[in-house]
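Everything on this sheet refers to the single structure shown next.
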Amino acid sequence: MDVERTALPGIGLQHVMTTGRGRQIGVISHRSGRRDLVIYDKEDPDSCIATVALNPEEANAIAELLGTGRIIEHLAELHRQVEGLVTEQIPIAPGSPYDGRPLGDTRSRTRTGASIVAVVREGQVIASPRPDFVFHAGDIIVVVGTGEGTAAVAQILSDG
C-alpha cells in the first residue's frame, strides 16, 4: 500500500492513500495535534467530499479500531531487517517500582539506549507513549534496542 506524504506549510502533514476500489482517503495532521480524516471525491481527487475533525483522543481511538496492533507486526519486521535490533515485551508486575509512576521517571532511553515504543494495556495499544504516561501493573511495555539495552530496561522496570 502506497501512502503519499505531503508537507503542508503552516498546517502540518497530509497522508493520502488510494483504496483497492480507487477511493482516496487521507489524514491531515495539524501542528496543534488535531487530525482531519478526509474523503476525496472519486471523480475529482483534488476535492474533498467529507472531512471529520478529530482531537488527539478521538484519533487514537480510531487508530486502535483500525489496528494499531500492527505496530507490533511492523516492529517484528524491522527486527528481521535490521541486524542487532531486538524487540522485547516486558510486563509491569505488581510491586514494580514503576507501577503508578510515569515513563519519564525511568529515564530508560538515557540509561540504556533502548526505546519504549508502545504499551499494551487491557488489549489496547498505546503507541509512542509520552514521558507523562503512567504505568500500571499488568501493562506490557514494548521496548526496541540492542539485546543488552532491552535487558537493562527490563531490570529497571522490575528493580528500579
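So is Arg130 open to solvent by 30 Å² or more (accessible area, probe 1.4 Å), in a helix (DSSP H, G or I) and either in contact with a Cys (Cβ under 6 Å, 6 or more places away or on another chain) or in contact (Cβ under 8 Å) with a residue 24 or more places away in the chain (or both) or not?
Numbers: open to solvent by 30 Å² or more (accessible area, probe 1.4 Å): yes; in a helix (DSSP H, G or I): no; either in contact with a Cys (Cβ under 6 Å, 6 or more places away or on another chain) or in contact (Cβ under 8 Å) with a residue 24 or more places away in the chain (or both): yes.
So Arg130 does not fit the description; no.
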Task: Contacts under 8 angstrom Cβ, first residue in region 110-124 being within 13 Å of Ile90 (Cβ to Cβ), partner among the aromatic types (Phe, Trp, Tyr) and crowded, with 18+ Cβ neighbours inside 10 Å, 6 or more apart - done: Val119/Phe135
- [ ] Examine region 61-70 for a residue that is β-branched (Val, Ile, Thr), surrounded by 13 or more Cβ atoms within 10 Å (Cβ to Cβ) and either at pLDDT below 90 or farther than 30 Å from Ala151 by Cβ (or both), and state whether such a residue exists.
- [x] yes
TODO: Determine which single condition Arg107 fails, assuming it passes every other condition in (1) under 16 Å from the mean Cα position of the chain (by Cα); (2) at positive phi.
DONE: (1)
Task: Counted residues, region 1-58 - those being among the charged types (D, E, K, R) and touching a Phe, Trp or Tyr at 6+ places or on another chain (Cβ under 9 Å) - done: 2
TODO: Filter region 139-160 down to residues that are of a type in the set (Gly, Ala, Ser) and out of contact with any Pro (no Cβ under 7 Å at 6 or more places or on another chain) and give me whichever is surrounded by the most Cβ atoms within 10 Å (Cβ to Cβ).
DONE: Gly145
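To keep it simple, each residue is scored yes or no on (1) in a loop (DSSP other than H, G, I, E, B); (2) in contact (Cβ under 8 Å) with a residue 40 or more places away in the chain.
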| residue | (1), (2) |
| --- | --- |
| Glu88 | no, yes |
| Pro97 | yes, yes |
| Gly138 | yes, yes |
| Ile141 | no, yes |
| Thr150 | no, yes |
| Gln155 | no, no |
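Could you grab me the full set of residues in region 99-127 that are in a loop (DSSP other than H, G, I, E, B) and either among the β-branched types (Val, Ile, Thr) or modelled with pLDDT of 90 or more (or both)? So that I can check it myself, show each step before the final result.
Looking only at region 99-127, we keep the residues that are in a loop (DSSP other than H, G, I, E, B), and these are 99-101, 107, 113-114, 122-123.
Hits for region 99-127 are Asp99, Gly100, Arg101, Arg107, Gly113, Ala114.
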Open item on the list: What pairs come out if I take residues in region 35-63 that are within 17 Å of Arg5 (Cβ to Cβ) and pair them with residues that are part of a loop (DSSP other than H, G, I, E, B) and of a type in the set (Asp, Glu) whose C-beta lies under 8 Å away, six or more apart or interchain?
Closed with: Tyr40/Asp46
Task: Filter pass, Glu57 being at pLDDT below 85, closer than 19 Å to Arg130 by Cβ, assigned to a helix (DSSP H, G or I) and within 19 Å of the chain's Cα centre (by Cα) - done: yes
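The values are calculated or read from the model by the stated rules, or taken from the named source; none is laboratory data. Computed from a predicted model, the values in this text were never measured in an experiment. Neighbour counts run over all protein chains shown; Cβ positions are idealised from the backbone, glycine included. Areas reflect the complete protein model, heavy atoms only, side chains present, ligands, DNA and RNA absent. Shrake-Rupley method; radii C 1.70, N 1.55, O 1.52, S 1.80 Å.
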